[in-house]
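The values are calculated or read from the model by the stated rules, or taken from the named source; none is laboratory data. Remember, predicted model here, so these are calculated numbers, not experimental data. Counting neighbours? That spans all protein chains shown, and the Cβs are built from the backbone with ideal geometry, glycine included.
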Amino acid sequence: MRPRHSRLDHPDIVAFLRRTAVSRLKTKNETSSSLQCIADKIDLQWGLRVHKSTLSRFIKRLGLSFAWRTDK
């Protein structure tokens, strides 16, 4: 069975996630870029309802999961 194409794989959303990862590494306030907060922002801006576990898997696929590790 072929893997399903992700709705998150859109250039604007990927750029937003990259910017969020960089800002999360630069700032001490991690609550503004939590997975739930990012999922809410994606819902508001692009109208895509995503669960934070789906978002976490997509971030891992992009190679940006290092920004959300707890052992930084």
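The C-beta contact set for the stretch 38-61 (first residue in contact (Cβ under 8 Å) with a residue 24 or more places away in the chain, second residue charged (D, E, K, R) and outside any helix (DSSP H, G or I), distance under 8 angstrom, 6+ apart or interchain) comprises Leu48/Arg7; Val50/Arg7; Phe58/Asp9. The residue list Arg57, Arg7, Arg49 contains one member that is on the phi < 0 side of the Ramachandran plot, charged (D, E, K, R) and not in a loop (DSSP other than H, G, I, E, B), which is Arg57.
Note on the stretch 39-71: residues that are under 20 Å from Lys26 (Cβ atoms), of a type in the set (A, V, I, L, M, F, W, C) and loosely packed, with under 15 Cβ neighbours inside 10 Å amount to 2.
Scanning the stretch 27-46 for residues that are part of a loop (DSSP other than H, G, I, E, B) and either in contact with a strand residue (DSSP E or B) (Cβ under 8 Å, 6 or more places away or on another chain) or not basic (Lys, Arg) (or both) turns up Thr27, Asn29, Glu30, Ser34.
Taking the condition in contact with an Asp or Glu (Cβ under 8 Å, 6 or more places away or on another chain), at pLDDT below 95 and either part of a helix (DSSP H, G or I) or basic (Lys, Arg) (or both), does Arg24 pass? The answer is yes for Arg24.
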